[in-house]
Structure formats: structure tokens, C-alpha cells
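Every number in this text was worked out from the coordinates using simple rules, so none of it is lab data. Since the structure is predicted, the reported quantities are computational estimates derived from the model, not experimental observations. Cβ atoms come from the backbone with ideal geometry, glycine included; neighbour counts cover every protein chain shown.
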Amino acid sequence: MKKRSFIEAFAAVPHLVWMLLFIAAPLIFVIYFAFTDTYGNFTFDNITMLQSYAQIFLLSVCFALIATVICLVIAYPLAYCILLMPRKTQKLLVVIVMLPMWISLLIRTYSLMALMDNGGLINSLLEIIGLPKMKLIGTSGAVILGMVYDFLPYMVLPIYSGMSKLDFRCIEAARDLGCNGIQTVFRVVLPLTTPGIISGITMVFVPSISTFYISQKLGGGSFDLIGDTIERQFQNVGTYNIGAAISLVMMILILISVAIMNKFTDDDEGVL
Amino acid sequence: MKKLSRIYMWVIFALLYSPIIVLIVFSFNRAGSLNHFSTFSLYWYAELFRDSSALSALKNSLILAVSSSALATVIGTFAALGLDRMRSKYIKGIINSVTNIPMMNPDIVTGVSMMLLFVAAMSVTRVQFGFVTMLLAHTTFNLPYVILSVLPKFKQMDKHLTEAALDLGCTPLQMFFKIELPFISSGIASGFMIGFTLSLDDFVISHFVSSPDFQTLPLYVYNQTAHQVKFSMYALCALMVFVILGLLLAVNFLGSRGKEKKVRMRDIV
């Protein structure tokens, strides 16, 4: 084997240093802050204090789960519909699904607010037809709708890319061997597209459970999710430690669930 | 069945796009209300450009996006080169998984963790929240995307080409600049563009590592929309959507040009 040149041997070094300084070190600081008090003394208090946040955790998990399920229910047939189209159209349709992903979540959330606000489009339309105004902002429905709207593309794309690898001969074989339509879906199509579904679930669930601006803007301040709680702890110096503890627990829970989910898939191609 | 699926698809697409379209359409509404559309006008855009803090936010966003994606592109390209040549699969795996942490972690955790790092650094050095902290944070979350778009280019490359260049008397450095760099350039360009777009777009991470003195556009939008709907913000959001769409078209264009280049290379060989 040829000797490696200087540039080849050291090319990754700046990146390694960067990784240590700005990826590894910050996480170590999260752990450090989570296990110390404001004076830097070691303590478990932050972690034990998390009990009082149990309800917030539960509410966030519920919201994120509902949003994920709705996304899945909408996205799975959508991905299948895209797959039914001719190849060339499929490419265009995928771009149409992908475009909103590139528009800032903040803007997308704000555009929903323009629709659902008290003086927003929906209420203006209701007024014109002579119906009473509806309170939309500040309901749990609005928050969940925001999550579904913001993260739906993250569910469609992995499912679609999983489905597009599906061998249609399997479906034909299933039909030939006596499966009816529903049996084919549950015994052949679903199991074969599980990897896509699972990465879709993670891609929707993780941002949903950690969001804070969706609940702030669309929840009108009446919902406290984990994200909101974390964000508030970091607004003044005294509560950094408890904020770090909540972040740490959330991160660990998410990483564990992602790892478990990934066990079900051997698909390592990411969707960008 | 086919008809039904087509209807379903377009309904979902309509729902997906209608809020943004409403936002864009009403940004041109002189009346500044969602009740009725009076006349088409650029009034709110003019209003936006009279707002000096919006303009400085725009300037900050652009400076930050260019510098962070440029920095990430340089570091990331060399990292991809190093990763491509690395012999130990084990080390490669570790580096890859650590690099991807910012992609896997919720943004809020990345933001908070960087904030804590900077807070700790502030007690020892003179670092202040502002441009520097933003630059460091944005470069960090851009890096994995640059590596992701450059590394496959190295993998696609015909190793015989580099060997031939070395055999024919190129020094490794010459070989890198004459053979490899042109080959991976489309990957570098799309890595840069993705980084630029992400940086321009980022709100959550910036939210934790910024200072009131250095606001970017998303932060400005966030602060301005805290209480009521402002039509100059509609204009700003519409502008940002247009810019992102333009950038995406540019990336696609570069991507397809890259493919052509690959084909031509193959023809030559």
C-alpha cells in the first residue's frame, strides 16, 4: 500500500478538533450542569426534582404521539398514491413534498397563525358568512395541527423511499397465493415498508416532543411542553441546572427510543 | 382507484401549501388585513425596508450564512478527504456517529448544550454571545451536511484516475487539486448551499446562542410576532420563502450539472 501523504493523514484533524470542542464538550457541559447546583457542587437534586415535571413530560409525549400517528395515517396513503404515478411525475411530486421542509418552521408556524388567529383568515371568513368566531389559537387541536403541518413531509419522504424499493412481484405473488387485498397490505406491504415507517416516526416524533415555538405561537401560552419548559429555564442564570437536567433526560429518552427503533431497520440511507 | 388517489394527493398538497400561499398573497395586500384584499401593493415590503432593525437582521443573516457555510465547507471537505483515506473502519464509525449527533439530537438540546459551553467559556475568556457564538454554532450544525454531500463524491471516484495521476508524476498535492477537487466540486457546492440554507433558516439553535445585538432574520421574526400579526412580517416571510426557493433551484441545477460531469469523465476513461 502506498504511503499516505501529509495532507491525507491530517485532513480530518480540524474536524476532529471541532467535534471535540463543539459537539462533545457541550454535551459534557449538559451533564455537568445537570448534576451540579448553582455553585458548582455535585448534587442529584435536579434529577429528583424532575418528578414535578412529570405531567409536562406526559403531556408532551401525548401531543407528540398523537401528531405522529396523524402524520403516519396521512402520509402512508400519500406515499402510496405518489408511487402509483408514472416515474417522471413521482420525482416532481417528491419535490412538492420536500419544498416545505426547506421553508423555516418558524414561517410555516406563523403562516398557520395567520389562518387561525382571532383576526385570521378562517375567522374572517366565518364572519363574512355570518357565523360566530371560533377560538382556534390556544386549543390543543391547534398545537397538534401545527405539529402535523410542520412535520408531515418528514413522514412522507422516508415512507415513500422505502416503498419505492418494494418489489411489486411480492404483491403479485401474495395475490396469486391467495391473499386478499387487506391481507396483502398487512402481511406483505406493511412489513416490507416498516423501515421507512420507523424512520418517519422518529423524524416526526423527535421534533414534535422538543418543540417550543409551536406551543408558544399556536398554543397561546396555555400549554407547557418540555420544549417550553427547557426554554424558560435558560432565560435566567439561576435555573440553568434544572434546564440542563430536563434536556439531559429528554435527550437520553430520545436517543434510547431512536436506538430501539433503528433495531427494526437495516436501512441506513438517510433522506435529506 | 387511480382517480381517488390523485384527489387525495392534491388535497394534501393543497393543505400543505395553502397557509404559505395565504401568507404570500396577503403580504401584497395594501389594506393590511385578512378580512379583505384591497389592492395589490408592495407597501408592506417598503415598510419592511424602512425598518432599520429588519435590515440589520438581514445583513447579519447573510454574513452569518456565508461565513458559517464557508467555514463548514472547508473543514467538512478536508474531513471527507481524511475519512475517505482512513483505514480503520472502527475510528471512521466513531467519527461519523459523533458528527451526526447534531442531526439526531433535537435542535433544542443542541442549542442548550452550546449555550452552556459558551456560558462556561465566558467565565474564562472574553467570549460574548453574538456573532462568534452564532458562527461556531452554525458551523457545527452545517458540518455533517457538508460531509454527507462530499464524502459520497470521493467514494464514487474512480481510484484508477488518482493512481494514474500519481504514476504520471503528480505529487499528491497536485493530484488533489487537478483530479480530485474538480471531481468533488459539485458535492462541495451543494454542501455549501445546503449549509447556507440551513443557516439562513435556523431559529432554534440561534435562539439560545444569540444576543440582542446580533439578531438574524428568524430571530427577528420570532420577536416581532410575539404578540400580534404584523403585515411587514408577512412580507419578510414571503421574501424568505422566495430566497429559499431560489437557492433550492440553484442547488438542483448544480446537482444536475455534477451528474453530467460524471458521465463525461466516464466517457473519457
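Here are some notes:
- When restricted to Cα atoms, segment A:78-129 yields an Rg and a Dmax of 16.3, 45 Å, respectively.
- Lysine pairs with alpha-carbon atoms under 16 Å apart, segment B:41-268, spacing 8 or more or separate chains: 13
- Neighbour-count ranking [beta-carbon atoms within 10 angstrom, fewest first] of B:Y90, B:Y17, A:Y80: B:Y90, B:Y17, A:Y80
- Cβ charges +1 (Lys, Arg) and -1 (Asp, Glu), total dipole of segment B:41-268, debye: 580 debye
- Radius, Kirkwood style, for segment A:177-272 when every pair of distinct Cα atoms is counted (Å): 16.2 Å
- Mean sequence separation of contacting Cα pairs (under 8 Å, at least six apart), scaled by the length of segment B:41-268, corresponds to a relative contact order of 34 percent.
- Applying the Karplus relation 6.51 cos²θ - 1.76 cosθ + 1.60 with θ = phi - 60° to segment B:163-175 yields 3J(HN,Hα) values of 4, 4, 4, 5, 4, 7, x, 6, 7, x, 5, 4, 4 Hz, where x marks Gly and Pro.
- For segment B:41-268, the fraction of C-alpha pairs more than 21 angstrom apart is 63%.
- FRET efficiency for the pair A:A54 and A:M261, taken as 1/(1 + (r/R0)^6) with r the Cβ-Cβ distance and R0 = 35 Å, rounds to 0.90.
- Comparing mean-square fluctuations of B:T39, B:T110, B:T99 from a GNM of chain B with C-alpha springs under 10 Å, the top value falls on B:T39.
- Here, P(r) means the percent of Cα pairs in each 10 Å bin from 0 to the largest distance; for the protein assembly as shown it is 3, 16, 26, 27, 18, 8, 2, 0, 0.
- Segment A:113-272, Rg to Rh (Cα coordinates; Rh as Kirkwood inverse mean 1/r): 1.12
- Residue order, fewest to most beta carbons within 10 Å, for B:I244, B:I188, B:I21, B:I205: B:I21, B:I244, B:I188, B:I205
- Kirkwood-Stokes translational diffusion coefficient of segment A:1-72, alpha-carbon pairs, 25 °C, 0.890 mPa s, µm²/s: 147 µm²/s
- Dimensions in Å of segment B:1-113 - Rg and Dmax from alpha carbons: 23.3, 66
- Stokes-Einstein diffusion coefficient of chain A, Kirkwood radius over Cα pairs, 37 °C, 0.692 mPa s, in µm²/s: 150 µm²/s
- Dipole of segment B:31-179 computed with +1 at Lys/Arg Cβ and -1 at Asp/Glu Cβ about the Cα centre; of B:F118, B:M175, B:A54, farthest Cα towards the positive end is B:M175.
- Shown for chain A: lysine pairs separated by 8 or more places, or found on different chains, whose C-alpha atoms are under 24 Å apart, numbering 5.
- In order along segment A:227-232, the phi-based Karplus estimate (6.51 cos²θ - 1.76 cosθ + 1.60, θ = phi - 60°) of 3J(HN,Hα) comes to x, 4, 4, 4, 4, 5 Hz; Gly and Pro are listed as x.
- Across segment A:87-203, the volume of the C-alpha convex hull divided among the residues equals 166 Å³ per residue.
- For segment A:200-207, Karplus couplings with θ = phi - 60° (6.51, -1.76, 1.60), whole Hz, Gly/Pro x: x, 4, 5, 5, 8, 5, 4, x
- The amide H of A:T36, built 1.01 Å from its N in the peptide plane, has A:T43 as neighbours under 5 Å, considering only residues 5 or more places off or on other chains.
- Sorted by Cβ neighbour density within 10 Å, fewest at the top, the residues B:S18, B:S210: B:S18, B:S210
- Calculated mean residue ellipticity, 222 nm, the protein assembly as shown: -24000 deg cm²/dmol, from DSSP H runs (n ≥ 4) at -39500 (n - 2.57) each, averaged per residue and rounded to 500.
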